[in-house]
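Nothing in this text is a laboratory measurement; each read-out follows from the coordinates by a stated rule. Values in this document were obtained by computation on a predicted structure and should not be read as measured data. All Cβ positions, glycine included, derive from the backbone under ideal geometry; neighbour counts span all protein chains shown.
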Amino acid sequence: MPSVKITCFADEISHDLVEQMDVLQQEGITHLELRNVWGKNVLDLSDEELKKVREAAEARGFAISSIGSPLGKYPVVNDFAPQLEGLQRGIRAAS
């Protein structure tokens, strides 16, 4: 029988990843949607910061179910190149 995984945008809890995971763990939630951490959107995190997020999540048994980005929140008349660059950063972050 299929199961449903409860997940949330943990940045609604705190900007600090440890605090986010503390609260999720207390609630029995093992999946988080990565949108903002340490005051930055996931697309703005450096490779080193993404590595720290991944290692911290794995160490505590968390899975990252999705990433939240500002992609698509720009007027259609704006240059599309930044959207494509953001998409590439999002793909790197997810992998």
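Between D44, D79, D11, the GNM of the chain built on Cα springs shorter than 10 angstrom shows D79 fluctuating the most. Pairs of Cα atoms nearer than 8 Å and 6+ residues apart set the relative contact order; for the chain it is 27 percent. Among (1) 15.3; (2) 14.2; (3) 13.3, which one is Kirkwood radius over Cα pairs in Å computed from these coordinates? Evaluating Kirkwood radius over Cα pairs in Å on these atoms matches (2). The GNM of the chain, with springs linking C-alpha atoms under 10 angstrom apart, assigns the highest mean-square fluctuation among L43, L84, L32 to L84.
Taking each residue as 0.36 nm, the span from E55 to I6 lengthens on full extension beyond its C-alpha to C-alpha distance by 15.5 nm. Computed extension length for L87-E27: 18.4 nm, one decimal, from 0.36 nm per residue of separation with the Cα-Cα distance subtracted.
Shown in residue order for segment 71-80 are the 3J(HN,Hα) couplings computed by the Karplus curve 6.51 cos²θ - 1.76 cosθ + 1.60 at θ = phi - 60°: 4, x, 9, 10, x, 5, 7, 6, 4, 8 Hz (x for Gly and Pro).
Of the trypsin sites (Lys or Arg not before Pro) found in the chain, the ones in coil according to DSSP and having at most 13 other Cβ atoms within 10 Å of their Cβ are K5, K73.
Rounded to the nearest 20 debye, the dipole size of the chain about its Cα centre is 280 debye, using +1 on the Cβ of Lys and Arg and -1 on the Cβ of Asp and Glu. Among H15, H31, the ranking by other beta carbons within 10 Å of each residue's beta carbon, starting with the fewest, stands as H15, H31. Annotation for segment 1-74: chymotrypsin sites (Phe, Trp or Tyr not before Pro) lying in DSSP loop with at most 15 further Cβ atoms inside 10 Å of their Cβ are W38. When segment 7-94 is described by a simple charge dipole with +1 on each Lys and Arg Cβ and -1 on each Asp and Glu Cβ, the residue from N36, A93, I64 located farthest towards its positive end is A93. Estimated from the Cβ-Cβ distance and a Förster radius of 22 angstrom, the FRET efficiency linking F80 and E19 is about 0.05.
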